[in-house]
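Down below is the structure, laid out as structure tokens.
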Amino acid sequence: MNDPLLDSDAQQFQETVRAFTAKEITPFATKWDLEETYPKELFKKFGELGWLGISFPEEYGGSGGGSVLYAILCAELSKGSAAICLGLYVHTALASSALLHLGNEDQKRAYLPGAMKGEKVGCWAYAEPNAGADVSSVQTRATRDGNDYVLNGSKMYITNSPFADFMIVVASTDPDAGLRGLSLFIVDADTPGVTVNASLKKLGMGASEMAEIVFEDCRIPEAARLGPEEGGFFQALLVLTLGRIASAGLAVGLGTAAMEEAHEYCTNRVQFGRPLLKQQFVRFTLADMATKLEAAWQLTLHTARLVDGGLPHDKQASMAKLFASEACTEICERALHLCGAQGFMKESAAQRFYRDCKVLELGEGTSEIQRETIARQLGV
Ligand SMILES: Cc1cc2nc3c(=O)[nH]c(=O)nc-3n(C[C@H](O)[C@H](O)[C@H](O)COP(=O)(O)OP(=O)(O)OC[C@H]3O[C@@H](n4cnc5c(N)ncnc54)[C@H](O)[C@@H]3O)c2cc1C
């Protein structure tokens with residue numbers, strides 16, 4: 001992930017995140033994974049370091065910078081723990097980003113400073129038991145009642161929800177209007193009528209916590225609506241590019257960690273009288289991994305530069321997310337293979353990487369949805 005073309009500020013930032021990750025995250029990543037709990041105090045640390053505010057304006061407590069720095073942050077953190085990075089990216093690239101891009105002045109001033117400091121943690125509640133890849137299936141209703149809305153429905157697989165302070169909820173204000181009838185709402189987690197069920201058990205990303213959220217006659221003021229009533233969700237899709245950059249960066253970091261693990265094992269493991277690394281098959285496998293990671297990282301950085309330059313980037317964001325996540329799955333599988341039985345043990349990092357990678361092809365728009373976006377941009 002080193003790139004001599006990064007400017008000196010970006011390279012320095014990369015060194016800082018790398019050093020922090022090596023000291024504060026990597027040594028504990030397996031423990032957090034097995035315990036299936038997110039160390040929430042990390043949010044405050046990230047806030048103090050200014051990392052939750054990257055690409056957010058200073059007037060709302062942000063640290064400035066842009067998408068390139070954000071991609072570096074995700075890639076370096078996920079080298080230590082993809083699950084820790086997942087919690088950070090849902091909070092920043094989805095929940096806080098929706099507030100920044102769709103919120104009015106009052107909403108931004110009320111939520112962003114606390115979110116940037118890590119004092120208030122957010123989640124992004126879109127998916128439902130019957131709504132996944134198909135956005136038009138959202139059934140959660142926000143019904144107008146005087147100056148309020150009343151929310152009813154449930155959200156599924158919501159990362160950070162077991163400890164989130166605020167939720168960005170996608171709900172239908174007009175079921176007859178289909179996708180155009182979907183709006184966004186900011187809901188405080190302690191609002192009466194909100195229930196967060198027990199954390200769900202997952203294959204991977206153990207340290208990131210997720211749950212189902214149920215809304216039962218949950219009354220929220222009109223001022224809690226984020227963006228317009230009609231087409232609010234469409235607007236969110238247009239502005240939430242940071243999520244795909246985060247996901248691509250996360251995949252590059254996780255893939256790099258897996259490759260390094262396999263490299264180390266094959267350097268030290270002696271079979272047939274010499275280190276495994278001397279076998280051409282092993283060296284070629286590592287060469288293929290490195291090539292895919294370099295391509296994924298360059299595509300990610302290219303997309304981030306387009307965003308920072310204010311240039312069109314929708315196609316590249318989908319390409320970066322698609323390519324990086326699929327490359328990551330392949331690399332984590334090969335890395336586990338190279339680490340042999342030792343890699344298969346619960347305490348090994350290789351098996352954690354293998355379990356963590358798959359969700360990157362599902363979340364933030366599945367691979368099929370990314371291919372649809374790319375094909376549409378190609379006009380085919
Ligand atoms: C660890 C984890 C964390 C998550 N965190 C969040 C979160 O914080 N907030 C949130 O809102 N959601 C979250 N999700 C849920 C995520 O949004 C969904 O997984 C995603 O929207 C896909 O929906 P689904 O899993 O229900 O797949 P489905 O919609 O059931 O699709 C299953 C498969 O069919 C494919 N498919 C569906 N339709 C088509 C089609 N037309 N053409 C081709 N293929 C198709 C899909 O690509 C997929 O491979 C999380 C999920 C996981 C596993």
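Bear in mind that the values in this text are calculations on the coordinates, not laboratory data. The structure displayed is predicted, hence computed values, not measured ones. Cβ: placed from backbone, ideal geometry, glycine included. Neighbour counts: every protein chain shown.
Among the residues making up the range 206-250, a single one is over 20 Å from VAL170 (Cα atoms), in a helix (DSSP H, G or I) and hydroxyl-bearing (Ser, Thr, Tyr): SER247. Taking first residues from the range 49-77 that are assigned to a loop (DSSP other than H, G, I, E, B) and partners that are of a type in the set (Ser, Thr, Tyr), the Cβ contacts under 7 Å between residues at least 6 apart in sequence or on separate chains come to GLY50/SER63; SER55/SER67; SER55/TYR70; GLY65/SER55; GLY66/SER55.
Each residue in the range 325-368 was checked for being more than 11 Å from the ligand (Cβ to nearest atom) and hydroxyl-bearing (Ser, Thr, Tyr), and 4 pass. Elements of the type strands (runs of 3 or more DSSP E) sitting completely within the range 87-205 and holding at least 1 residues that are within 16 Å of the ligand (Cβ to nearest atom), in contact with a helix residue (DSSP H, G or I) (Cβ under 6 Å, 6 or more places away or on another chain) and farther than 26 Å from ILE245 by Cβ: these cover 166-172. Restricting attention to the range 335-380, the residues being out of contact with any Gly (no Cβ under 7 Å at 6 or more places or on another chain), in a helix (DSSP H, G or I) and charged (D, E, K, R) number 6.
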